[in-house]
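Q: Please find one structure pasted underneath; my questions will follow.
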Amino acid sequence: MRSLLRVGLAVLLAAALYGAPGKVSKEKIKVDGKSRDYYLYVPEKLPESGKAPVLMLLHDRQKDGSSLIGPWTRMAAREGIILVAPNSQGKMGWTAPLDGPGFLYEILEALKKTHPVDPRRVYLFGHADGAVFGMFVSFWASEYFAAASAHAGTFREEAEARMAERAKRKIPIQLIVGTDDRHYPVGLFEVNAEFLKFSEFEIDLQVVPDHKHDYAPAAETINPIVWEFLSGKALDGEPRYESPF
């Protein structure tokens, strides 16, 4: 009885410290001497392998991680995905190096110590400003993240797209845009897709009919498209990370 009680207390303590399975929790981590926030979702049921893929979610400006993690929990529960949704330092969006890639790396490395993470299947998904920053991160940390998906946000300048030249690995990237997106026209995505294909990246361009800019109202449509692309990608070996700054 005492051993069972100890096990029960250990489970409760782990839930309190690291977020109860099946529920979204708000976590804190200290990076470079500053306390930073992120949201965490751990599914109750893990994949048969015992190792869970991780999807890091990067929000739009004037938002926080909770705006993305909620719409992903249903699929994460079904597919056994750990979700991580950090908050950018400022409301006006993501900036480097303050918000990444080092900040994102520190969260993920801490997560690996407390949860059964598959280190070869860590992915990025960003919306709008978070999509643009996620593409930068995918180039800076191409040997750490397995693949990236960018929704309703992409590069507007050729100089930004040329950041791809810094990638040590041709990381698979998905670009998703709606035909009715007033902020990022389809043509911009097509130009960037062709540029990255010419640079020998694996690119998946998805144009969603009648879809506008907002993510949450269309999450049930967007998420399966994203996961179909990401879930089949994995690093060939152990992840490697080197700060680009």
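The values are calculated or read from the model by the stated rules, or taken from the named source; none is laboratory data. Here the structure is a predicted model, which is why all the values come from computation and not from measurement. Positions of Cβ are backbone-derived with ideal geometry, glycine not excepted, and every protein chain shown enters the neighbour counts.
Q: Are any residues in segment 186-245 in contact with a strand residue (DSSP E or B) (Cβ under 8 Å, 6 or more places away or on another chain), charged (D, E, K, R) and within 25 Å of A161 (Cβ to Cβ), and if so, which ones?
A: Of everything in segment 186-245, those that are in contact with a strand residue (DSSP E or B) (Cβ under 8 Å, 6 or more places away or on another chain), charged (D, E, K, R) and within 25 Å of A161 (Cβ to Cβ) turn out to be E190, K197, E202, D204, K212, K233.
Q: Run down G134, G126 and say which single residue is more than 16 Å from A193 (Cα to Cα), of a type in the set (G, A, S), in contact with a strand residue (DSSP E or B) (Cβ under 7 Å, 6 or more places away or on another chain) and not in a loop (DSSP other than H, G, I, E, B). Before you say what the answer is, go through the steps one by one.
A: Details: G134 fails: more than 16 Å from A193 (Cα to Cα).
Within the list G134, G126, the selection yields G126.
Q: From the residues in segment 171-195 that are crowded, with 22+ Cβ neighbours inside 10 Å and of a type in the set (A, V, I, L, M, F, W, C), which one is farthest from G153 (Cα to Cα)?
A: Ranking the qualifying residues of segment 171-195, first place goes to I171.
Q: Let me ask you something else. What are the residues in segment 138-179 that are of a type in the set (A, V, I, L, M) and either over 22 Å from D214 (Cα atoms) or touching an Asp or Glu at 6+ places or on another chain (Cβ under 8 Å) (or both), if any? Lay out the reasoning, then the answer.
A: Filtering segment 138-179 down to residues of a type in the set (A, V, I, L, M) leaves 141, 146-148, 150, 152, 159, 161, 163-164, 167, 171, 173, 175-177.
Those that are of a type in the set (A, V, I, L, M) and either over 22 Å from D214 (Cα atoms) or touching an Asp or Glu at 6+ places or on another chain (Cβ under 8 Å) (or both): A141, A146, A147, A152, A159, A161, M163, A164, A167, I171, I173, L175.
Q: If a residue has to be part of a strand (DSSP E or B) and either crowded, with 21+ Cβ neighbours inside 10 Å or touching a Gly at 6+ places or on another chain (Cβ under 8 Å) (or both) to count, how many in segment 20-61 make the cut?
A: Filtering segment 20-61 for residues part of a strand (DSSP E or B) gives 24-31, 34-41, 52-58.
Filter once more, keeping what is either crowded, with 21+ Cβ neighbours inside 10 Å or touching a Gly at 6+ places or on another chain (Cβ under 8 Å) (or both): 24-25, 27, 31, 37-41, 52-58.
Total meeting the criteria: 16.
Q: Would you say D64 is of a type in the set (D, E), in contact (Cβ under 8 Å) with a residue 40 or more places away in the chain and either surrounded by 16 or more Cβ atoms within 10 Å (Cβ to Cβ) or not in a loop (DSSP other than H, G, I, E, B) (or both)? Steps first, answer last, please.
A: On the way: of a type in the set (D, E): yes; in contact (Cβ under 8 Å) with a residue 40 or more places away in the chain: no; either surrounded by 16 or more Cβ atoms within 10 Å (Cβ to Cβ) or not in a loop (DSSP other than H, G, I, E, B) (or both): yes.
Against the criterion (of a type in the set (D, E), in contact (Cβ under 8 Å) with a residue 40 or more places away in the chain and either surrounded by 16 or more Cβ atoms within 10 Å (Cβ to Cβ) or not in a loop (DSSP other than H, G, I, E, B) (or both)), D64 does not qualify.
Q: Now for a different question. Given the condition of a type outside the set (D, E), modelled with pLDDT of 95 or more, under 22 Å from W140 (Cα atoms) and in a helix (DSSP H, G or I), answer yes or no: does some residue in segment 206-226 qualify?
A: Yes, segment 206-226 has at least one match.
Q: I'd like to verify a number: residues in segment 153-168 that are surrounded by 15 or more Cβ atoms within 10 Å (Cβ to Cβ) and over 17 Å from M56 (Cβ atoms), how many? Let's see the steps before the verdict.
A: From segment 153-168, those surrounded by 15 or more Cβ atoms within 10 Å (Cβ to Cβ) are 153-155, 161, 163-164, 167; that's our starting set.
Checking the rest, the ones that are also over 17 Å from M56 (Cβ atoms) come to 154-155, 161, 163-164, 167.
Counting residues in segment 153-168 that are surrounded by 15 or more Cβ atoms within 10 Å (Cβ to Cβ) and over 17 Å from M56 (Cβ atoms) gives 6.
Q: Here is a further query. May I ask you to list the residues in segment 141-168 that are part of a loop (DSSP other than H, G, I, E, B) and either within 15 Å of V122 (Cα to Cα) or among the small types (G, A, S) (or both)? Quick ask: steps written out before the conclusion?
A: First, the residues of segment 141-168 that are part of a loop (DSSP other than H, G, I, E, B): 141-146, 152-157, 167-168.
Those that are part of a loop (DSSP other than H, G, I, E, B) and either within 15 Å of V122 (Cα to Cα) or among the small types (G, A, S) (or both): A141, S142, E143, Y144, F145, A146, A152, G153, A167.
Q: Right, another one. Collect the residues in segment 112-122 that are surrounded by 21 or more Cβ atoms within 10 Å (Cβ to Cβ) and either of a type in the set (V, I, T) or more than 14 Å from the chain's Cα centre (by Cα) (or both), keeping them in residue-number order. Quick ask: steps written out before the conclusion?
A: Step one: filter segment 112-122 for residues surrounded by 21 or more Cβ atoms within 10 Å (Cβ to Cβ), giving 121-122.
Matches in segment 112-122: V122 only.
Q: For segment 179-229, how many residues meet the condition of being over 20 Å from the mean Cα position of the chain (by Cα) and among the small types (G, A, S)?
A: Within segment 179-229, residues that are over 20 Å from the mean Cα position of the chain (by Cα) and among the small types (G, A, S) number 2.
Q: Now a separate question. Would you check which residues across segment 152-186 are at pLDDT 95 or above and over 22 Å from V226 (Cβ atoms) and list them?
A: K168, the sole residue that qualifies.
Q: Which of the residues belonging to segment 85-96 are under 15 Å from the mean Cα position of the chain (by Cα) and surrounded by fewer than 23 Cβ atoms within 10 Å (Cβ to Cβ)?
A: N87
Q: Next question, about the same structure. Restricting to segment 197-245, count the residues that are touching a residue at least 60 places away in the same chain (Cβ under 8 Å), within 12 Å of H151 (Cα to Cα) and among the polar types (S, T, N, Q).
A: Within segment 197-245, residues that are touching a residue at least 60 places away in the same chain (Cβ under 8 Å), within 12 Å of H151 (Cα to Cα) and among the polar types (S, T, N, Q) number 1.
Q: I need the full set of residues from segment 179-202 which are of a type in the set (V, I, T) and over 23 Å from W72 (Cα atoms), in order please.
A: To start, the set of residues in segment 179-202 that are of a type in the set (V, I, T) comprises 179, 186, 191.
Across segment 179-202, the qualifying residues are V186, V191.
Q: If a residue must be over 30 Å from E48 (Cβ atoms), in contact with a helix residue (DSSP H, G or I) (Cβ under 9 Å, 6 or more places away or on another chain) and part of a loop (DSSP other than H, G, I, E, B), how many such residues does segment 76-110 contain? Walk me through it before giving the result.
A: In the first step, residues of segment 76-110 are kept if they are over 30 Å from E48 (Cβ atoms); the result is 87-103.
With the extra rule that they be in contact with a helix residue (DSSP H, G or I) (Cβ under 9 Å, 6 or more places away or on another chain), the set shrinks to 87-89, 92-97, 99-101.
Filter once more, so that each one left must be part of a loop (DSSP other than H, G, I, E, B): 87-89, 92, 94-97, 99-101.
Within segment 76-110, residues that are over 30 Å from E48 (Cβ atoms), in contact with a helix residue (DSSP H, G or I) (Cβ under 9 Å, 6 or more places away or on another chain) and part of a loop (DSSP other than H, G, I, E, B) number 11.
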